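What follows is a single structure, and I will ask about it in a moment.
The values are calculated or read from the model by the stated rules, or taken from the named source; none is laboratory data. Only a predicted model underlies this, so the values are computations on that prediction, with no experimental measurement involved. With ideal geometry, Cβ positions are generated from the backbone for all residues, glycine too; neighbour counts draw on all protein chains shown.
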Amino acid sequence: MGTTLYAKEKENQVQEGCMTSIEEMREAVLIREASESDLPAVLFLYSQLGMDDGTVLSEDDANNIFTRMKSYPDYKLYVAIYGTAIVGSFALLIMDNLGHKGAPSGVVEDIIVHQDWRGKGFGKTIMKEAMSICASKGCYKLALTSNKLRLNAHLFYKTLGFDVHGFSYSVPVALNGISAGLHDEAKNGASS
C-alpha cells in the first residue's frame with residue numbers, strides 16, 4: 001500500500017533528525033471523518049487486529065454499511081492521517097439519553113492504529129480527539145469495551161484516564177434475531 005511507504009519515509013526522517021520528535025509527528029496528524037474512498041485503507045487496518053480470524057468485510061459490504069451508518073444522527077467513522085497515510089481509525093457514536101438528565105454519552109469502537117505506527121502516540125492522539133468530540137457534544141462520559149486478553153490496551157486506556165467501572169457482557173445473537181441464550185431458555189421451558 002503506497003500510503004504506508006510515505007508514512008515509513010516520515011518515520012525515517014524522524015530517526016535521521018529531519019523531524020525533531022515523535023511529538024512533532026503526532027501534532028502533524030489530521031483526524032477527519034472518513035469517506036467511502038477511505039474504506040479500503042480502514043479495512044486493511046482492521047485486518048491487522050486479528051479479530052474475526054483476520055478476515056474483513058468486502059469493499060461492497062463495507063460501502064453498504066458505511067452508507068447506513070451515515071443515516072444515523074451522530075455515528076461517524078474517523079480516520080487519522082499522517083502525510084498521505086491513514087495510520088489509524090475509530091468509530092464514534094454519540095447517543096441521546098433520557099437518564100443522566102438528558103446528557104448524551106459517547107461510545108468509541110473499532111480503535112486501530114497501523115501496526116507499523118503503534119507506540120508512537122497516534123493512539124493517544126486518536127483517543128484525545130474522540131474525548132474532545134464527546135466534550136463538545138456535552139457528553140457525560142465516553143465508554144469503550146476491550147477484550148479481556150488485551151492487557152496492553154487496558155494499560156493504555158488507563159493512562160488516558162479511563163477507569164474500569166463495571167462489567168461488560170455480550171451474548172451471541174443469531175441472524176434471525178433470537179439470542180442463543182434466550183433460544184436455549186425457550187427450548188428448556190424457562191420463563192422470565
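Looking at this structure, is residue 49 modelled with pLDDT under 95, surrounded by fewer than 16 Cβ atoms within 10 Å (Cβ to Cβ) and either of a type in the set (S, T, N, Q) or under 17 Å from residue 122 (Cβ atoms) (or both)?
Values: modelled with pLDDT under 95: yes; surrounded by fewer than 16 Cβ atoms within 10 Å (Cβ to Cβ): yes; either of a type in the set (S, T, N, Q) or under 17 Å from residue 122 (Cβ atoms) (or both): yes.
Here the answer is yes, as residue 49 does meet what is asked.
Taking residue 120, is it in contact with a Lys or Arg (Cβ under 9 Å, 6 or more places away or on another chain) and assigned to a loop (DSSP other than H, G, I, E, B)? Let's see the steps before the verdict.
Numbers: in contact with a Lys or Arg (Cβ under 9 Å, 6 or more places away or on another chain): yes; assigned to a loop (DSSP other than H, G, I, E, B): yes.
Considered against the rule, which asks whether it is in contact with a Lys or Arg (Cβ under 9 Å, 6 or more places away or on another chain) and assigned to a loop (DSSP other than H, G, I, E, B), residue 120 comes out as yes.
While we're on this one: When segment 56-70 is examined, which residues are found to be at pLDDT below 95 and hydroxyl-bearing (Ser, Thr, Tyr)?
58, the sole residue that qualifies.
Any idea which of 106, 166 is farther than 17 Å from residue 45 by Cβ, of a type outside the set (Lys, Arg), out of contact with any Gly (no Cβ under 6 Å at 6 or more places or on another chain) and modelled with pLDDT under 95? Please lay out each step first, then the result.
Numbers: 106 fails: modelled with pLDDT under 95.
Matching residue, one of 106, 166: 166.
Given the condition at pLDDT 95 or above, hydrophobic (A, V, I, L, M, F, W, C), touching a Pro at 6+ places or on another chain (Cβ under 6 Å) and not in a loop (DSSP other than H, G, I, E, B), answer yes or no: does some residue in segment 84-94 qualify?
Yes, the conditions are met somewhere in segment 84-94.
On to the next question. Return yes when residue 66 is within 20 Å of residue 41 (Cα to Cα), without any contact (Cβ under 8 Å) to a residue 60 or more places away in the chain and assigned to a helix (DSSP H, G or I) and no when it is not. So that I can check it myself, show each step before the final result.
Values: within 20 Å of residue 41 (Cα to Cα): yes; without any contact (Cβ under 8 Å) to a residue 60 or more places away in the chain: yes; assigned to a helix (DSSP H, G or I): yes.
Yes.
Could I ask something else about it? Restricting segment 135-153 to residues that are modelled with pLDDT of 90 or more and in a helix (DSSP H, G or I), which is surrounded by the most Cβ atoms within 10 Å (Cβ to Cβ)?
Residues of segment 135-153 that are modelled with pLDDT of 90 or more, as a first pass: 135-144.
With the extra rule that they be in a helix (DSSP H, G or I), the set shrinks to 135-136.
Details: 135: 11, 136: 9.
Filtering first and then ranking leaves 135.
Considering each residue of segment 58-75, count those that are under 15 Å from residue 37 (Cα atoms) and crowded, with 16+ Cβ neighbours inside 10 Å, and give that number.
Of the residues in segment 58-75, 2 are under 15 Å from residue 37 (Cα atoms) and crowded, with 16+ Cβ neighbours inside 10 Å.
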